[in-house]
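A.B. asks: Here's a structure for you.
The values are calculated or read from the model by the stated rules, or taken from the named source; none is laboratory data. Everything numeric here is computed off the predicted structure, so don't read it as measured data. All Cβ positions, even for glycine, are placed from backbone atoms using ideal geometry, and neighbour counts span all protein chains on display. Please note that ligands, DNA and RNA were not included when accessible areas were found on the heavy atoms of the full protein model with its side chains. Shrake-Rupley method; radii C 1.70, N 1.55, O 1.52, S 1.80 Å.
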Number of protein chains: 2
Amino acid sequence: MANPGVTGRSLVDGLKSRDRKALARAISLVENRQEGFRELLASVHSYTGRAFRIGITGPPGAGKSTLVDALASHWAQSGKRVGIVAVDPTSPFSGGALLGDRVRMGKLSEYPEVFIRSMATRGSTGGVAAATRDACSVMDAFGFDWLLVETVGVGQIEIEVMNVCDAVCVVFVPESGDGIQALKAGLIEIAQVFVVNKADRPGAPQLASELESVLHLKQETGGWDYPVLTTEAVNHRGTRELAGTVERLKVHLETQGHLTHVRQRQALSHLENILRERLHLYLSGQSDLGSQWTDLAEQIVAGDLDPHRGADLIWERLLQSDLPRAPGDK
Amino acid sequence: MANPGVTGRSLVDGLKSRDRKALARAISLVENRQEGFRELLASVHSYTGRAFRIGITGPPGAGKSTLVDALASHWAQSGKRVGIVAVDPTSPFSGGALLGDRVRMGKLSEYPEVFIRSMATRGSTGGVAAATRDACSVMDAFGFDWLLVETVGVGQIEIEVMNVCDAVCVVFVPESGDGIQALKAGLIEIAQVFVVNKADRPGAPQLASELESVLHLKQETGGWDYPVLTTEAVNHRGTRELAGTVERLKVHLETQGHLTHVRQRQALSHLENILRERLHLYLSGQSDLGSQWTDLAEQIVAGDLDPHRGADLIWERLLQSDLPRAPGDK
């Protein structure tokens, strides 16, 4: 919970002066949608856009945290500021996430320029992605060079979270036989870097070459080579090469104008999410019009009104009114 | 794919005359959002509302399919018509689902009044739930007494799918130690019947009493007792009792007026989904206004425009126009 004595204004000042306590409070404010979070996001917006956001995803047990920590250490050693957002929407408890933070922070504590934060988000699919996006905005405004967003799993929620990143790295292990399936399930469309971790285990070379052949088609379009790297993150093998590949990807995106395009797509998706949220507030009766929809619902349940015609009627009324704002909207 | 020679009109006639081929085609039409699916749904709407929709969910390997088949056989033996919708959004291939259908249809083939259909939906979270809802509407109009909607897993997608059902049954097995966690993660809010399957295995009585103590709080509100049943579905033990419990739940909901309330909530959620879909079409540039949003996105990426102010601007323009319709909308 944000300290009630801390105003949004002083949080913004705290972020500008790189106060880590202000950063932690600001992330909590936006993550929990507390009053004033919209003003805070509006205030920091013009300071965002400098951090490069890379998503790291893959099946459970693939060693993503170890890889993320290795990347963070690598960049911290060369003087870069690194923020980590660990998203685990499948965990129903925030306690575990917070404990995990402390364990990881212990390892990374020798680097004062690394900041790690777990998202304790449990709400809707869209909610996880929105909270991650807004946490990234706050960390971006704080002045990180790199933001690493880590998710567990390869499902729909993970794909939505990855869509708020500038680039995506998917991590596999030889045992995750579902590697190729996961690619077909949609991750191949959004990922640029592929890692086979725990590469000392049997099956690693086969998995890597399988991935390469699946990626062959993708390589023919666009100017990026969609590399498959092999790593042993616990033994620090291949992680320097991975960091180098991510740096090369950043340069590629920046110089080809792709990054601007990616971020415009992110902005359009963000606009849509804001409007969906306002539509939901309008429909869920948090305005004095709410009771009208119950009448429509009754007619639909009675079989007298087709739902699509019902949507037309709501739409017609909506055009004569205005969407309510979420708390904190100006 | 629907036979191009088959019109929506003749599909509706086919459904009315209980032609199973027409049913299969109509489900494909709505599942794949093919041209005419909206007209089909509008045409059948006044015939829906008679089937009771019960969702069966739980972790992988809990024996849900066996339980669903046992319920279907039980009701078919007493002359009821039973439709089964098996949803597996985690499977990226429809082939497996179709093969599964055939294996299960083989077992259930002695009952001509049982119809089983797997949803090969892969799209967005909302897409899976929408396709399931619309498939249920078509099957409802066809004239089933019971609709069993089966999902794998206990994540966000499953909860959304379960929200299109009138009632929900959650299945656990002694090995699924995450049972209580799953309850806390949101399923307890939407489920009315709880099953410990494979009850011959160690740990079953403990799990059942654990569930009972968690459910104790819930029992104090509302007139339903939220029972915990133990079954061995493969040995047909406890499945008759489960069928009886579900029948008792149906009567409870119908006589207390709860079912009407549940269905009104479903209708409101359906209305919201339709409007979200239209909003998406409007924003994704499938109208000649699309390019305007790119300008806004550019300003947002440049840091000159706060996303929430951008949403205001879109909203103002939207109020002066009209949302485009999806294919098939009148």
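A.B. asks: Six or more apart or on different chains, Cβ under 7 Å: which pairs go from a residue in the range B:57-78 that's part of a helix (DSSP H, G or I) to one that's surrounded by fewer than 24 Cβ atoms within 10 Å (Cβ to Cβ) and basic (K, R)? Could you list them?
C.D. replies: Pairs that qualify, where the first residue is part of a helix (DSSP H, G or I) and the partner is surrounded by fewer than 24 Cβ atoms within 10 Å (Cβ to Cβ) and basic (K, R), are B:S65/B:R104; B:D69/B:R104; B:D69/B:K107; B:H74/B:R240.
A.B. asks: Here is a follow-up. Give me the pairs: first residue in the range A:255-273 and at the interface with chain B (Cβ under 7 Å from one of its Cβ atoms) and closer than 15 Å to B:S284 by Cα, second residue open to solvent by 40 Å² or more (accessible area, probe 1.4 Å) and among the polar types (S, T, N, Q), beta-carbon distance under 9 Å, and six or more apart or on different chains, which are they?
C.D. replies: From residues that are at the interface with chain B (Cβ under 7 Å from one of its Cβ atoms) and closer than 15 Å to B:S284 by Cα, the pairs are A:Q264/B:T294; A:A267/B:Q299; A:L268/B:S284; A:L268/B:T294; A:E272/B:S284.
A.B. asks: Out of A:V128, A:V161, which single residue is modelled with pLDDT under 85, in a helix (DSSP H, G or I), more than 11 Å from chain B (Cβ to nearest Cβ) and in contact with a Ser or Thr (Cβ under 7 Å, 6 or more places away or on another chain)?
C.D. replies: Exactly one of A:V128, A:V161 is modelled with pLDDT under 85, in a helix (DSSP H, G or I), more than 11 Å from chain B (Cβ to nearest Cβ) and in contact with a Ser or Thr (Cβ under 7 Å, 6 or more places away or on another chain), namely A:V161.
A.B. asks: Based on what the data block shows, is B:H280 within 23 Å of A:L296 (Cβ to Cβ) and touching an Asp or Glu at 6+ places or on another chain (Cβ under 8 Å)?
C.D. replies: Against the criterion (within 23 Å of A:L296 (Cβ to Cβ) and touching an Asp or Glu at 6+ places or on another chain (Cβ under 8 Å)), B:H280 qualifies.
A.B. asks: Report yes if B:L187 is over 27 Å from B:G49 (Cα atoms) and either part of a helix (DSSP H, G or I) or modelled with pLDDT of 95 or more (or both), otherwise no.
C.D. replies: Spelling it out, it is not the case that B:L187 is over 27 Å from B:G49 (Cα atoms) and either part of a helix (DSSP H, G or I) or modelled with pLDDT of 95 or more (or both).
A.B. asks: OK, next. Can you tell me which residues in the range B:205-249 are farther than 13 Å from B:A191 by Cα and basic (K, R)?
C.D. replies: B:R237, B:R240, B:R248 - these are the residues of the range B:205-249 that are farther than 13 Å from B:A191 by Cα and basic (K, R).
A.B. asks: Would you mention how many residues in the range B:26-35 are open to solvent by 20 Å² or more (accessible area, probe 1.4 Å) and either among the hydrophobic types (A, V, I, L, M, F, W, C) or outside any helix (DSSP H, G or I) (or both)?
C.D. replies: Going through the range B:26-35 one residue at a time, the tally reaches 4.
A.B. asks: Tally up the residues in the range A:298-324 that are more than 7 Å from chain B (Cβ to nearest Cβ), at pLDDT below 90, open to solvent by 30 Å² or more (accessible area, probe 1.4 Å) and part of a helix (DSSP H, G or I), please.
C.D. replies: 4
A.B. asks: May I ask you to list the residues in the range B:251-288 that are open to solvent by 50 Å² or more (accessible area, probe 1.4 Å), among the charged types (D, E, K, R), assigned to a helix (DSSP H, G or I) and over 15 Å from A:W315 (Cβ atoms)?
C.D. replies: B:E254, B:R265, listed by residue number.
Condition check ((1) facing another protein chain (nearest Cβ under 10 Å); (2) open to solvent by 10 Å² or more (accessible area, probe 1.4 Å); (3) touching a helix residue (DSSP H, G or I) at 6+ places or on another chain (Cβ under 7 Å)) across all residues:
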position: A:F37; (1), (2), (3): no, no, yes
position: A:V44; (1), (2), (3): yes, no, yes
position: A:I56; (1), (2), (3): no, no, yes
position: A:P60; (1), (2), (3): no, yes, no
position: A:A72; (1), (2), (3): no, no, yes
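A.B. asks: If you don't mind, another one. All but one of (1) modelled with pLDDT of 85 or more; (2) closer than 23 Å to B:P307 by Cβ hold for A:P174; which doesn't?
C.D. replies: (2)
A.B. asks: Same structure, new question: Quick one: which of A:A135, A:A167, A:A97 is in contact with a strand residue (DSSP E or B) (Cβ under 9 Å, 6 or more places away or on another chain), over 21 Å from A:L40 (Cα atoms) and modelled with pLDDT of 90 or more?
C.D. replies: Among A:A135, A:A167, A:A97, only A:A167 is in contact with a strand residue (DSSP E or B) (Cβ under 9 Å, 6 or more places away or on another chain), over 21 Å from A:L40 (Cα atoms) and modelled with pLDDT of 90 or more.
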